[in-house]
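Reviewing the structure listed below.
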Amino acid sequence: MEYTLFILLLPLLTFFGLGLFGPKMKPCVAGIIGTVSLAIAAALAYFTAWDYFSAPRVDDVYATVVPFHVEWLHFTDKLHIDLGILLDPISVMMLVVITTVSLMVHIYSMGYMKGERGFQRYYAFLSLFSFSMLGLVVATNIFQTYIFWELVGVSSYLLIGFYYTKPEAVAASKKAFIVTRFADLGFLIGILLLSYFTKTFSFELLTSGDHSIFADAAGVTFLGGSVISWAVALVFIGCAGKSAMFPLHIWLPDAMEGPTPVSALIHAATMVVAGVYLVARLFPVYYFEAPEVLVMVAVVGAFTSLYAAVVACVQTDIKRVLAFSTISQIGFMMVALGVSGMEGHAGLGYMASMFHLFTHAMFKALLFLGAGAIIHAVHSNEMSHMGGLRRKMPITHITFLIACLAIAGIPPFSGFFSKDEILAACFEFSPVMGWTMSFIAALTAFYMFRLYYNIFWGKPAQHEHEPHEAPANMTVPLIVLAAITCIAGFIPFGHFITADGISYNIHLDWQVAGTSIVIACIAIGVATGMYRTGTSPVPGRLAERFRGVHTAAYHRFYIDEFYQFVTHKLIFGGISRPIAWFDRHVIDGAMNGLAWVAQKTSYAIRSLQSGQIQQYAFVFLLGTLIILVLVLYV
Amino acid sequence: MNLLSLFVAIPLLMLLGLWLSREMNQIRAVMVTGASLLLALSFGLLAAYLGERAAGNTAEMLFMADTVWFAPLNIHYAVGVDGISVAMLLLSSLIVFTGVFASWKINPLPKEFFLWFCLLATGVYGFFISIDLFTMFMFYEIALIPMFLLIGIWGTGRKEYAAMKLTLMLMGGSALLLVGILGIYFNSGADGQHTMNLLEIAQAGLPLGAQRLFFPLTFIGFGVLGALFPFHTWSPDGHASAPTAVSMLHAGVLMKLGGYGCFRVAIYLMPEAAQELSWIFLILTGISVVYGAFSACVQTDLKYINAYSSVSHCGLVLFAILMLNQTAMTGAVLQMLSHGLMTALFFALIGMIYGRTHTRDIREMGGLMKIMPFLGVGYVIAGLASLGLPGLSGFVAEMTVFVGSFEHSDTFHRVLTLVATTSIVITAVYILRVVGKLLYGTVQNPQHLTLNDATWFERISVVTLIIAIAAIGMAPFWISNMIHGSLWPVIEQLTK
């Protein structure tokens, strides 16, 4: 399966090609090169998936294949960074997800970004991102993950800041990079700790289930936790940063300053789930060596999910609603991993998490691309500038509705199946967790239909240009993704991906499924009542009644302001400025002081070297006399 | 003639050529020819070195030559290289080469400028090939003195003050160093036959008492040049006033003399004292790393930002050397290379931007990416290298340092290592702050709208450096192995 290397190489070469020669090309040529190269990569990825999953199972498990592997940087005999490709069920699934969404975004951007300055640069960055993300998921070792982790971070930075003359975009890109970098510091220290005790970076060794490689860490504890727990908890901080888990989620809503297709690709479907993916990748380590950290993962996931869902209910910028919805859904995936066990039915959460990752990538990309089409049509992100668009943009409307139904958990759309498995896993973990997540699912249905009605129903807003349906190169990706959303739920996912690798038959737990359908329908009903006509006084009255909560939620509970205070007042004002002052005035002052003293001393003793022979003779005689006296009388 | 002596001979011939030159084009011809020759020679040496090693030559130093210079004191002109010196020579050649193109239009007195420039280069090359303490020290001084004139005459701003400060502080370091070297000399050779030869001294070893006394002297002496806290303050002022090519050479190569010297003289010759006293300097360098980064966050002058960033990055070099294990030391040398290249790139770009906008204050600039895309992209790449993006040299170096430092499991080293790792976040903060203000956003000054992008000679300089940074960043294996493989003598000394 050596050809898998080309899945990575193609986007990389495209990046270099477009980066170096792009400015000399016609924009559409650059777009076509980027799209075609990604289409080939996608075809290769599908072929890989077919090839991989059609191979016979060994001991009921799909074998792990490493078709490419080189040593890249040597530290010690045991520790070396390798670059390679590791194919196992989850990485193959990710290859499919990434290339599919990326291809759709490439095609869509031909229409969406048409006529933008820097069109070639945009495609170069998309290729760079695709390469990095693909490299991340096929990593054979944790350091390779870290390398590509940073590369996706920088691609995200470059794409968020694509409109670099816009100050908000620049600030947002900076924020995204620095927040995730801060989280990556945790990741890096986690890697260092983990590798120090296990003497390896390799995923295959770490997740082999062989307890002996953790032997060196036995008994090493720090503040009551075992050192491996600390290490994987630190790695999880990196995951939380990338996957926008509370309290490191602050960068994601701002990242919406980037072009909308970028939000679809990076900040909804692929990069933000890298954290979930990494936890899944290291799942055996979490499960066997640090079960308490896994509980933490679940709690962080649940809290983030709840927080983001509440905030999403009151946002008015449609991309922000979607951003918080993404955070909330990633929370679902994290929770599912956190509550999962390892074998057979106990590993339901793991399977559900990966399933949800897959379905969410498709319908969330669809939502964002749909939102892009809408923004393209009305030239605004604000809900108040929309309304009544369902007749003017029929294709966008239908596909958007499909995605809303999917995320709300209505059968037969894909989100229903994956979310249902997550809820089932949560109920088995604890009823509290189950009901919490069900409540969040209801909120999800509510805010998504609030969004839907506000855009497509209600009073039409006044526009300078009459909104019209997007061109074909934008609607085709919508239709493709909508089709996937309709059928993806029927994929026998447990056959391909489970925690222990052994095939597992998904069967719907109708008690959970029935409840969740009822809850979703009620939530949709409420949203319909409140927002369908656009004239209902209920939302306004509710906002008035709960003004405090509403305002706080609208301002995202002031988390950003808190960070602003910490970074600007405490770090810049409390550390950096004093240090800079100290350096200029104390340290450098001491050096200047030394020079000053030397100069003053020189001036003081200068008169001794007057050049007058009489004075010298006098001093000479005086000195001789003193010595004589000393010699004779002392 | 010995292959290595060519490195000293070529700059000297360039001096002669310059002296004979009558006009600007002749000067440029001499400089470009000489610098290209040196670059080619460095690559040749690299190939020859790797060839020898591949052929199984395991000697500590290769291409050795030894001539008695002053018999009564047993001073020799002794040269030889290992993988580390080869890497440093390559770095020097790259920076001399790009420095020539960066000062293509130097004014006034181009001939004199390049004369001093060549003299400085002679010193640098001589230093890296020497294995005799006296020769080494002599070349070291040759490299330092021209700096005074280069800054004092061709500098900007408070140039006299800066030149004086830089030279005096570095001379202060040299004074300590001289005492250290004499101390080593008089304690070398058990049978009364003192020697200056590094290998011989290391072979015989120095008495522990002498080591304890002279280790701190040599370490601080070289450390001043390596921007060791609190002796780093020459760096911001010096760099801010220096002309472009001088900043490049100084931050790119001269500061490496400090790190290289600490490694080659202080640690290699006095391993026991190094192990005993490393904690003091680890604390100082640990401070350097974070302190420099924090200071850089609030500066507004581009050169000050970069100078403080250098304090942080060079701090990491000394920090890694003091970890006294093979991985960390490999990281230290990689960091020297990486910092040399990217800081040279930074200073080159800053010089080019300053030459157009006539200001280095980031508050007075903005939106330059749109006006000068080539320089803008170059700056972003330098910035990304500086904040340790994988695929560029900084990442390779930093990761090697951190993994190496983490091999110590005691709390003291652990805590310091953790403190040092935080620099990757702070670096991101100040780099992105500058990039955001300088290149992105709206144009602050309408007069900037008419400025031109880079000229061809500026492009050569920038592209060469970017290629070198990317080459190390993408294919670090060979260079890392070359360095790693040259560290055994030091490790042997340390574990003796």
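The values are calculated or read from the model by the stated rules, or taken from the named source; none is laboratory data. On a predicted model such as this, the values are computed, not experimentally measured, just so you know. We place every Cβ from the backbone using ideal geometry, glycine too, and count neighbours over all the protein chains shown.
Observations, loosely collected:
- Restricting the search to helices (runs of 4 or more DSSP H) fully inside the range B:385-468 and requiring at least 1 residues that are without any contact (Cβ under 8 Å) to a residue 12 or more places away in the chain and under 21 Å from B:Met482 (Cβ atoms) gives an empty result.
- Count of residues meeting criterion [more than 8 Å from chain B (Cβ to nearest Cβ) and under 20 Å from the mean Cα position of the chain (by Cα)] in the range A:185-197: 4
- Being surrounded by 10 or more Cβ atoms within 10 Å (Cβ to Cβ), within 26 Å of A:Phe182 (Cα to Cα) and not aromatic (Phe, Trp, Tyr) is a description that applies to A:Ile575.
- Selection count where residues are part of a helix (DSSP H, G or I) and over 30 Å from B:Trp488 (Cβ atoms), scope the range B:268-307: 15
- For the range B:352-360, the criterion of being within 14 Å of chain A (Cβ to nearest Cβ) and of a type in the set (Lys, Arg) is met by no residue.
- Restricted to helices (runs of 4 or more DSSP H) entirely inside the range B:199-250, those with at least 1 residues that are within 14 Å of chain A (Cβ to nearest Cβ) are B:208-225, B:234-241.
- Subset of the range B:114-156 (residues that are farther than 20 Å from B:His76 by Cβ and in contact with a strand residue (DSSP E or B) (Cβ under 9 Å, 6 or more places away or on another chain)): none
- Single unsatisfied condition, A:Val314 versus (1) over 30 Å from A:Gly118 (Cβ atoms); (2) crowded, with 24+ Cβ neighbours inside 10 Å: (2)
Results for (1) farther than 22 Å from A:Val300 by Cα; (2) over 21 Å from the mean Cα position of the chain (by Cα); (3) in contact (Cβ under 8 Å) with a residue 12 or more places away in the chain, shown as yes or no for each residue.
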{"position": "A:Ala336", "(1), (2), (3)": "no, no, yes"}
{"position": "A:Met354", "(1), (2), (3)": "no, no, yes"}
{"position": "A:His360", "(1), (2), (3)": "no, no, yes"}
{"position": "A:Ala365", "(1), (2), (3)": "yes, no, yes"}
{"position": "A:Asn381", "(1), (2), (3)": "yes, yes, yes"}
{"position": "A:Met393", "(1), (2), (3)": "yes, yes, yes"}
{"position": "A:Thr399", "(1), (2), (3)": "yes, yes, yes"}
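- Restricting the range A:391-424 to residues that are outside any helix (DSSP H, G or I) and out of contact with any Pro (no Cβ under 7 Å at 6 or more places or on another chain), the residue that is surrounded by the fewest Cβ atoms within 10 Å (Cβ to Cβ): A:Arg391
- Residue within the range B:447-454 that is out of contact with any Lys or Arg (no Cβ under 6 Å at 6 or more places or on another chain), more than 10 Å from every other protein chain (Cβ to nearest Cβ) and at pLDDT 90 or above present: no
- Screening A:Ser102, A:Ser132, A:Ser127, A:Ser156 for residues that are surrounded by 23 or more Cβ atoms within 10 Å (Cβ to Cβ), polar (S, T, N, Q) and within 11 Å of chain B (Cβ to nearest Cβ) leaves exactly one candidate, A:Ser132.
- If the condition is being in contact with a Ser or Thr (Cβ under 6 Å, 6 or more places away or on another chain) and over 19 Å from B:Ile491 (Cα atoms), then the range B:313-337 contributes only B:Gly315.
- Of all residues in the range B:73-91, those satisfying the criterion of being of a type in the set (A, V, I, L, M) and more than 11 Å from B:Leu4 (Cα to Cα) are B:Leu73, B:Ile75, B:Ile84, B:Ala87, B:Met88, B:Leu90, B:Leu91.
- Residue within the range B:455-477 that is more than 10 Å from chain A (Cβ to nearest Cβ), surrounded by fewer than 20 Cβ atoms within 10 Å (Cβ to Cβ) and among the small types (Gly, Ala, Ser) present: yes
- Criterion applied to A:Ile81, A:Ile85, A:Ile90, A:Ile107 was being assigned to a helix (DSSP H, G or I), among the β-branched types (Val, Ile, Thr), modelled with pLDDT under 95 and farther than 21 Å from A:Gly34 by Cα, and the one residue passing it is A:Ile90.
- Of the helices (runs of 4 or more DSSP H) entirely within the range A:553-634, those holding at least 2 residues that are away from chain B (no Cβ under 14 Å), out of contact with any helix residue (DSSP H, G or I) (no Cβ under 9 Å at 6 or more places or on another chain) and more than 30 Å from B:Ala307 (Cα to Cα) occupy A:559-564, A:588-606, A:613-633.
- Yes/no for B:Leu254 being modelled with pLDDT of 85 or more, of a type in the set (A, V, I, L, M) and closer than 20 Å to B:Leu341 by Cα: yes
- Checked across the range A:198-214, the condition of being within 14 Å of chain B (Cβ to nearest Cβ), in a helix (DSSP H, G or I) and either more than 29 Å from A:Val70 (Cα to Cα) or not β-branched (Val, Ile, Thr) (or both) holds for no residue.
- Of the candidates A:Leu5, A:Leu18, A:Leu38, the single residue that is within 18 Å of A:Arg117 (Cα to Cα), in contact (Cβ under 8 Å) with a residue 40 or more places away in the chain and outside any loop (DSSP other than H, G, I, E, B) is A:Leu18.
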